[in-house]
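The values are calculated or read from the model by the stated rules, or taken from the named source; none is laboratory data. The structure presented is a predicted model; accordingly, all values stated were derived computationally and were not measured. Cβ atoms come from the backbone with ideal geometry, glycine included; neighbour counts cover every protein chain shown.
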Amino acid sequence: MKIIHYLKYLKDGCEDYTLLKIFEGWMEYISSGANNQVNQDHRGYYRRMRYPDSYKCNTMYINKFEKNYKRTLRYRFVNAFPKSIDTIPVNYGSAEILKVSVNFNYDRYIVNG
């Protein structure tokens, strides 16, 4: 039986979409395509996944703050990598902050109180 660990990261967007570009670039690196041998518009285009050791992040930290900021928990995720980016709705109404959800997998985590 294989246990899959899962983490979801939600971040409000910034003006130049830096974080979105970072996560999309990381995802593109993982499934880097046909190494520019075949154009994405071509019918024969394919994706080739890289070996996990080349794209997993050795350690990723998330700090959880309580409402009164007197207590924090620090999570360390080992061998984390983005699995998917949720669909980003495009609205033409009033201006709103862009929210990006990135779903991660990881091998294990360690909690430091």
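Computed values, structure above
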read-out: Test set (1) within 23 Å of Asp16 (Cβ to Cβ); (2) in contact with a Leu (Cβ under 8 Å, 6 or more places away or on another chain); (3) small (Gly, Ala, Ser) - Gly93 fails condition number; value: (2)
read-out: Hey, Ile85 out of contact with any Cys (no Cβ under 8 Å at 6 or more places or on another chain), at pLDDT below 75 and of a type in the set (Val, Ile, Thr) or not; value: no
read-out: Region 91-113, subset surrounded by 10 or more Cβ atoms within 10 Å (Cβ to Cβ) and among the aromatic types (Phe, Trp, Tyr), residue nearest to Glu28 (Cα to Cα); value: Phe104
read-out: Enumeration of residues in region 76-90 that are loosely packed, with under 10 Cβ neighbours inside 10 Å and either within 16 Å of the chain's Cα centre (by Cα) or within 15 Å of Ile22 (Cα to Cα) (or both); value: Thr87
read-out: Residue within region 71-90 that is among the aromatic types (Phe, Trp, Tyr), more than 19 Å from Met49 (Cα to Cα) and in contact (Cβ under 8 Å) with a residue 60 or more places away in the chain present; value: yes
